[in-house]
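Visitor: Take this structure first; my questions come after.
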Amino acid sequence: MTELHTADIVVAGAGHNALITAAYLARAGKSVLMVDARPIPGGGVATEEYLPGYFMDSCSTGHTIIQSNPVIAQDTLGLVSDHGLAYVDPDPVARVAMPDGEQVGMYLDPERTYEEFARFSRRDADTYLAMLEDWDRAKVAFGAANNTPIGWGKPLDALLDELPNGGTWRRRRALSAVDVIRHEFEEEHIQAFLLWEACQTFGSVDLPGSGVMPYSIMGGRQKRSWTIPVGGSGRLTDALVSVIEAHGGRIECGVTVARLLLEDGRCVGVESTDGTQYLAREAVLSTIHVKHLLDMAPREAWGEDFVYGVETYDIGIPLFAAFLVMDEVPTFAGKSPADTAVSSGLAQWPQQVMDMVRDIRDRKPVIGSAWTLIATPTIVDPSRAPEGKHTVKLLVPCSHVAPYGGASWDDVKERHADAMVEYVATAIPNVTEAHIEARIVKSPLDIERWNPHMINGCAHGGDKGVPFSGPLRPVPGWASHELPIPGLYQTGGTTHPGGSITGSPGRNAAMVMMRDLGLEFPG
Ligand SMILES: Cc1cc2nc3c(=O)[nH]c(=O)nc-3n(C[C@H](O)[C@H](O)[C@H](O)COP(=O)(O)OP(=O)(O)OC[C@H]3O[C@@H](n4cnc5c(N)ncnc54)[C@H](O)[C@@H]3O)c2cc1C
């Protein structure tokens, strides 16, 4: 075995969470060797030149949630101060078309959002301001719980009990997003708008455990908008890679891990599909999906509880994406280009959203979408496209079972994209062939082929309902980044607090590993 393939820490998968853990370890003096299946690091935090001069975010665009992680909020790794990362907070924050042709806008100025909501219901607009205040008091508890490894601090319910309305928050937390919205807001456009926002992380908004989403998403967006990195999502990855490499770490791409190497029951490295072995002197960190990880070591090495927990783990809701090049800003009917938000979309009524997610969970093919996101980052960041041109990403949830009777998504993805474009044009009339200069379509199958961590095109590491959250994620007893095989740690969206660009699983895993390695965690 060559020294080239040996390091203190071997990391399997280089998504943003694993990169964050690796950056902490490299800064603490550990030699780190990362391998990733893709040609570039970053997983869902990547910006790629899909067409000459067009830099598209192949997955994530919005980085709102990570803004409250100390990695960004306190710049603990120097990503902003020393490694070129910069963010922009777009205003307007959102514009969403409703099934009856109405539109709801949201702005960084809360008073302006208030006035917009008051067009539909002054009572709901008042409730919205009260909601923001309530969230402001509670967010410290949720932030502390998300940015602390499970078992290290007070449990979330204990933190909530310290609030004057702790009981309300505990109940809200156990409800579904739809329950909360319907209980607290009366007007259907406002309900539909809030649910559209709550759907952003592709959770099952009709199931218990999603009740805080309307609060956390609206609170974050009202404060910072749908924050995006200048130059593209991949600039976060570039900054993290820069930290790792500045401290001697290495990243090898195009390496797919096929199995874990065990010695006397301990994980001592990984082996790639071509048989190359990567050996760890001290520990192995994985961001491989837990469903795949199970097959990478003998079943008896995991133990029955762990196997049961992984087998019953819900991988979440798949998504479908179409990337467009346009010669104009997608412009809503009756509005001007300046009214389009980077994060815009089409919503249907809450019952239709509930029916859609239910059908997806029931593995029925789904035609159409009750939730549509239209992301146009070039509105605020022209560096991503040639002058006057725009990159537009259409995103919808979908079933991994192909619609239209297709045997495979490969057969029907262009037809589905046509249907999406046609539907979007009902509210945004210039999203038509006359203004679409190019189109790249990714079905859930393509998304999984692109990144094995996104099984069936589920990009958020697994559902975040009650059975798969907090101390139960990914598996009861194994929620604090250590796995049943000694020497093996886990990060990424399958671990607390879950998927999206939060960086929290990455920083939390660093805290656990550094404790075990006898290193001081810097913050
Ligand atoms: C189209 C799309 C749009 C999205 N938009 C947003 C958004 O705007 N905002 C947001 O917050 N989230 C968004 N997401 C979700 C977000 O991208 C993910 O939740 C997030 O990237 C998960 O990060 P992670 O660190 O857990 O792992 P990932 O980003 O999934 O990275 C995991 C890495 O592990 C590697 N890997 C997996 N298995 C192996 C193996 N066997 N061998 C070697 N390497 C392996 C993969 O190649 C990958 O690089 C979007 C996702 C998609 C698909």
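Visitor: Just grab the label-to-label distance for residue 8 and residue 307, each label 7 Å out from Cα along the Cβ direction, in nm (one decimal).
Guide: Result for the modelled spin labels: 3.6 nm.
Visitor: In whole angstrom, note down how far apart the Cα centers of the stretch 71-122 and the stretch 468-523 are.
Guide: 30
Visitor: Spelling out what I want: for every residue of the stretch 514-519, take phi, set θ = phi - 60°, compute 6.51 cos²θ - 1.76 cosθ + 1.60 (Karplus), and round to whole Hz; glycine and proline get x.
Guide: Couplings: 5, 4, 5, 8, x, 9 Hz.
Visitor: Mind checking the full-extension length gain between residue 415 and residue 123? Use 0.36 nm per residue of separation minus the Cα-Cα distance, one decimal, nm.
Guide: 100.9 nm
Visitor: Right, another one. Pop a pseudo-label 7 angstrom from the Cα along the beta-carbon direction at both residue 292 and residue 426 and give the gap in nm to one decimal.
Guide: Modelled inter-label distance: 3.7 nm.
Visitor: Then there is this: Taking all protein chains as present, what is the carbon and sulfur share of the accessible area of the chain, in % to the nearest whole number, probe 1.4 Å? Walk me through the numbers before you get to the answer.
Guide: On the way: 9980 of 19310 Å².
That fraction is 52 percent.
Visitor: Enter the per residue convex hull volume of the chain, computed from alpha-carbon coordinates, in Å³ rounded to the nearest integer.
Guide: Details: hull volume 72.8 nm³, N = 523.
It is 139 Å³ per residue.
Visitor: Next up: Per-residue ellipticity at 222 nm for the chain, helices alone: DSSP H runs ≥ 4 residues times -39500 (n - 2.57), over residue total, nearest 500 deg cm²/dmol? Display every interim value, and only then the final one.
Guide: Values: 17 runs with 174 residues, N = 523.
One gets -10000 deg cm²/dmol as the mean residue ellipticity at 222 nm.
Visitor: How large is ³J(HN,Hα), in whole Hz, for each residue of the stretch 434-445 in order, when computed from phi with the Karplus curve 6.51 cos²θ - 1.76 cosθ + 1.60 and θ = phi - 60°, using x for Gly and Pro?
Guide: Rounded to whole hertz, the list is 4, 10, 8, 8, 7, 8, 10, 10, 10, 7, x, 5.
Visitor: The stretch 315-450: D in µm²/s via Stokes-Einstein (Kirkwood Rh, Cα pairs, 4 °C, 1.567 mPa s)? Could the numbers behind the result be given before it?
Guide: Working: Rh = 15.4 Å.
This corresponds to a translational diffusion coefficient of 84 µm²/s.
Visitor: Something else: For the pair residue 112 and residue 264, how long in nm is the line joining their label points, each one 7 Å along Cα→Cβ?
Guide: Taking the two extended label points, one gets 6.5 nm.
Visitor: Relative to 2.2 N^0.38 Å, what does the C-alpha radius of gyration of the stretch 111-224 come to as a ratio? Two decimals please. Intermediate values should be presented prior to the final figure.
Guide: Details: Rg = 14.1 Å, N = 114, 2.2 N^0.38 = 13.3 Å.
Its radius of gyration relative to the 2.2 N^0.38 Å reference: 1.06.
Visitor: If you don't mind, another one. Which is the longest part of the chain that has none of the GluC sites (Glu not before Pro) sitting in a DSSP loop with at most 11 other Cβ atoms within 10 Å?
Guide: Numbers: sites that count: 162, 387, 433, 520.
The longest such stretch corresponds to 163-386.
Visitor: In addition: Could you order 464, 442, 389 so the one with the most accessible surface comes first? Probe is 1.4 Å. Working shown, then result.
Guide: Numbers: 464 95, 442 25, 389 60 Å².
From most accessible down to least: 464, 389, 442.
Visitor: As I understand it, the dipole of the stretch 22-95 uses +1 on the Cβ of Lys and Arg and -1 on the Cβ of Asp and Glu, about the Cα centre. Which of 55, 83, 26 lies farthest toward its positive end?
Guide: After comparing all options, I get 26.
Visitor: Here's something else I'd like to know. Suppose a student asked you for the relative contact order of the chain, using Cα pairs under 8 Å spaced at least 6 residues apart; what percent would you report?
Guide: It rounds to 23 percent for the chain.
Visitor: Here's another thing I want to ask about it. Can I get the semi-axes of the stretch 407-523's equivalent ellipsoid? Compute them from the C-alpha gyration tensor as square roots of 5 times the eigenvalues, in angstrom, largest first.
Guide: Working: eigenvalues 321, 50, 35 Å².
Gyration-tensor ellipsoid for the stretch 407-523: 40, 16, 13 Å.
Visitor: From the phi angles alone, apply the Karplus equation (6.51, -1.76, 1.60; θ = phi - 60°) to the stretch 413-420 and give each ³J(HN,Hα) in whole Hz, x where the residue is Gly or Pro.
Guide: With coefficients 6.51, -1.76 and 1.60, one gets 5, 5, 5, 5, 5, 4, 5, 5 Hz.
Visitor: Within the chain, what percent of beta bridges assigned by DSSP are antiparallel, to the nearest 5? Display every interim value, and only then the final one.
Guide: Numbers: 43 of 64 bridges.
In the chain, DSSP labels about 65 percent of beta bridges as antiparallel.
Visitor: A further question follows. Return one whole number: the accessible area per residue of the chain in Å², for a 1.4 Å probe. Provide the component values of the computation, followed by the final result.
Guide: On the way: 19310 Å² over 523 residues.
Per-residue value: 37 Å².
Visitor: Moving on to the next point. Could you tell me the center-to-center distance, by alpha carbons, between the stretch 257-314 and the stretch 352-394 in angstrom?
Guide: Cα centroid of the stretch 257-314 versus Cα centroid of the stretch 352-394: 34 Å apart.
Visitor: Express in nm, to one decimal, how much length is gained between residue 161 and residue 250 on full extension, taking 0.36 nm for each residue of separation and deducting their alpha carbon distance.
Guide: Details: separation 89, 0.36 × 89 = 32.04 nm, distance 4.46 nm.
That works out to 27.6 nm of additional length.
Visitor: I'd like the accessible area for residue 183: 1.4 Å probe, protein heavy atoms, all chains in place, Å² to the nearest 10.
Guide: Per-residue accessible area (residue 183): approximately 140 Å².
Visitor: Near the amide H of residue 50, under 5 Å away, which other amide H atoms are found, from residues 5 or more places off or on another chain, if H is placed in the peptide plane?
Guide: 56
Visitor: Ordering 466, 212 by how much accessible area each has at a 1.4 Å probe, largest first, what is the list? It would help to have the intermediate numbers written out before the result.
Guide: Details: 466 80, 212 20 Å².
Accessible-area ranking of 466, 212, largest first: 466, 212.
The values are calculated or read from the model by the stated rules, or taken from the named source; none is laboratory data. Predicted, not measured: the structure shown is a model, and the values here were computed from it. Cβ atoms come from the backbone with ideal geometry, glycine included; neighbour counts cover every protein chain shown. These accessible areas exclude ligands, DNA and RNA; they are computed on the full protein's heavy atoms, side chains included. Shrake-Rupley method; radii C 1.70, N 1.55, O 1.52, S 1.80 Å.
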